[in-house]
Amino acid sequence: MGGIVVIGAGQAGLSLCTRLRAEGYGGALTLVGAEPYPPYQRPPLSKAYLMGEMARERLFLRPEAWYAEQGIDLRLGAKAEALDLAARTVRVGGETLGYDRLAIATGLSARRLPAEAGGDLEGAHTVRGLADIDALAPALGAARRVLVVGGGYIGLEAASVARKLGAEVTVIEAGPRILGRVAAAPTADAMRAIHRDRGVEIREGARLDRLLGDAGRVAGAALEGGEEIAADLAIVGIGLDPRVDLAEAAGLDCTGGVAVDATGRTSDPHVWAAGDCAAFPMNGGRVRLESVQNAIDMGEAVACNMLGADAPYRPVPWFWSDQYEVKMQIAGLSAGHDRVVTRGALPSLSHWYYRGETFLAVDSIGDAKAYMVGKRLLEAGRSPDPAAVADPDTNLKTLLA
């Protein structure tokens, strides 16, 4: 057979390969990436790189020579076309590779507007990969009126960059509020205020019907109900989907993503999955975590389990987003909370989420100390006294004692 093959040359795939070598795996190791670039950082794409404040070479997580030094066969611009579980082979760019064990780390793909909704107009952009940003950056620099479709992290980060570049910016969000899937309401309220203070128009409960075109270029948008908004550029951030086509076609369980057990093993004993595409057991259900932290940590955990560690993956999730000069940081998952404790006020604000007496999560905006303390408490499985958290005279570090 052919050693270990990793499909997906992103953060999770690289972390998995790095940990395999660190744990002493000396066999054949192949890393397959559909993009023509070696593994790179995604978070700066919609922030520093889009602003022109970060050089392209700084995005890459390792120099290309490193892969050869580590004995990693890096296949770039090579799409994995078919997976045969019985034969333990995967077809990549017309070549058939055998494997003893295989890991799927295919990540996410951005949802795009269909052509009938204006998705094929010049000036309609998505934000996911390096090629997307290379296409968007020069157009954004020249734009006067920018429409952002979707009020999640990506949309709001793009809105902040567009505003800093001097464009008029309108954000439309189909749901009742921004950050509806990724943060609780108090945090959304604070981020809405930050954007509006900087001149961004945020329209919630506003559903896009279609982008409007003029000579094949974006000229605006029509909302459901008939209202029209003028724009010369549209950034579409309407969600991400796990890339499961390879796994699904092979017959793997893809409930909620590439379904795995607590160790990262799929429904086939020789195939594993890690990162954004992997749906794993957590809190009595099955979740996917779309974050750099999860890509790194799960990639490393799965690597160890592929070598026999048999250790369940139990993360404390954390996320961050940079918008303007503001850093939003989240530790834990606030879903199911029945109590919110607010500490401070903008520009240094945090919300602490509880279910009964159990501490679930902390959202911090401009308050790195609250984030750090909350994250450490969650990692230790401890629930701080809500009254102490709310008291502005409490030194948060004493909660760790």
- Item | Proximal lysines to residue 47, defined as alpha-carbon separation beneath 30 angstrom and excluding residues fewer than eight positions away on the same chain | 79, 164, 327, 369, 375
- Task: Apply the Karplus parameterisation 6.51 cos²θ - 1.76 cosθ + 1.60, with θ equal to phi minus 60°, to every residue of region 165-171 and state each ³J(HN,Hα) to the nearest whole Hz, in sequence, with x for glycine and proline.
- Result: 7, x, 7, 6, 10, 10, 10
- Show 229, 133 ordered by accessible area, largest first, where the area counts protein heavy atoms only and the probe is 1.4 Å. 229, 133
- Query: Size of the dipole of region 91-245 about the Cα centre, Lys and Arg at +1 and Asp and Glu at -1 on the beta carbon, nothing else charged, in debye to 20?
  - Reply: 400
- Message: Give me the percent relative contact order of region 276-344, please, defined on Cα pairs under 8 angstrom at least 6 residues apart.
- Response: 20
- Query: In region 273-287, which residues have a backbone nitrogen under 20 Å from the label point lying 7 Å from residue 309's Cα in the Cα-to-Cβ direction?
  - Reply: 273-283, 287
- Determine how large the accessible area of residue 319 is when every protein chain is in place; take a 1.4 Å probe and give Å² rounded to the nearest 10. 30
- Length gained if residue 201 through residue 223 is fully extended, taking 0.36 nm per residue and subtracting the Cα-Cα distance, is 6.4 nm
- Enumerate the amide H contacts of residue 272 below 5 Å, restricted to partners 5 or more residues apart or on another chain; note that Pro and chain-start residues carry no placed amide H. 102, 103, 104, 266
- Note on the structure: Among 388, 215, 113, the residue whose Cα sits farthest towards the positive end of the charge dipole of the chain, when +1 is placed on the Cβ of each Lys and Arg and -1 on the Cβ of each Asp and Glu, is 388
- Item | In range of the label at residue 390: residues from region 324-338 whose backbone nitrogen is under 19 Å from the point 7 Å along Cα→Cβ | 337-338
- Query: About its Cα centre, how strong a charge dipole does the chain have in debye, to the nearest 20, once Lys and Arg get +1 and Asp and Glu get -1 at the Cβ?
  - Reply: 640
- Task: On the protein heavy atoms, probe 1.4 angstrom, tell me the percent of accessible surface of the chain carried by carbon and sulfur.
- Result: 48
- Task: Determine the relative contact order of region 233-363: mean sequence separation of Cα pairs under 8 Å and six or more apart, normalised by residue count, in whole percent.
- Result: 14
- Evaluate the charge dipole of region 194-277 about its Cα centre and quote only its size in Debye, nearest 20, assuming +1 on the Cβ of each Lys and Arg and -1 on the Cβ of each Asp and Glu. 180
- Item | Protein-only accessible surface order, largest first, of 238, 202 at 1.4 Å | 238, 202
- Query: Given a 1.4 Å probe, how much area per residue of the chain is accessible, in Å²?
  - Reply: 42
- Item | Built amide H within the under 5 Å cut-off of residue 213, gap 5+ | 219
- What's the Kirkwood radius of region 1-84 in Å, using all Cα pairs? 13.7
- Task: Any chance you could get the radius of gyration and Dmax over the Cα atoms of the chain, in Å?
- Result: 22.1, 65
- How big is the gap, in Å, between the Cα center of region 22-64 and the Cα center of region 270-290? 22
- For residue 383, what accessible area in Å² do you get when you roll a 1.4 Å probe over the heavy atoms of the protein chains, rounding to the nearest 10? 60
- Only bridges with both residues in region 1-119 count here: give the DSSP antiparallel percent, nearest 5. 45
- DSSP beta bridges in region 254-352: the antiparallel percent, rounded to 5, is 90
- Could you check the simple spin-label distance between residue 69 and residue 355, using points 7 Å along Cα→Cβ, in nm with one decimal? 4.6
- Message: Relative contact order for region 198-296: what percent, with Cα pairs under 8 Å and sequence separation of 6 or more?
- Response: 14
- Would you kindly find the accessible area of residue 227, with a 1.4 Å probe and non-protein molecules such as ligands, DNA and RNA excluded, rounding to the nearest 10 Å²? 80
- In sequence order, calculated HN-Hα J values of region 350-361 (Karplus, 6.51, -1.76, 1.60; Hz; x Gly/Pro): 9, 10, 10, 10, 10, 10, x, 9, 8, 6, 9, 6
- Antiparallel bridges, percent of DSSP beta bridges restricted to region 160-287 (to nearest 5): 70
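The values are calculated or read from the model by the stated rules, or taken from the named source; none is laboratory data. Note that the structure is predicted; figures quoted are calculated from it, not measured. Reconstructed Cβ throughout: ideal geometry from the backbone, glycine too, with neighbour counts over all protein chains shown. SASA here: full protein model, heavy atoms, side chains in, ligands and nucleic acids out. Shrake-Rupley method; radii C 1.70, N 1.55, O 1.52, S 1.80 Å.
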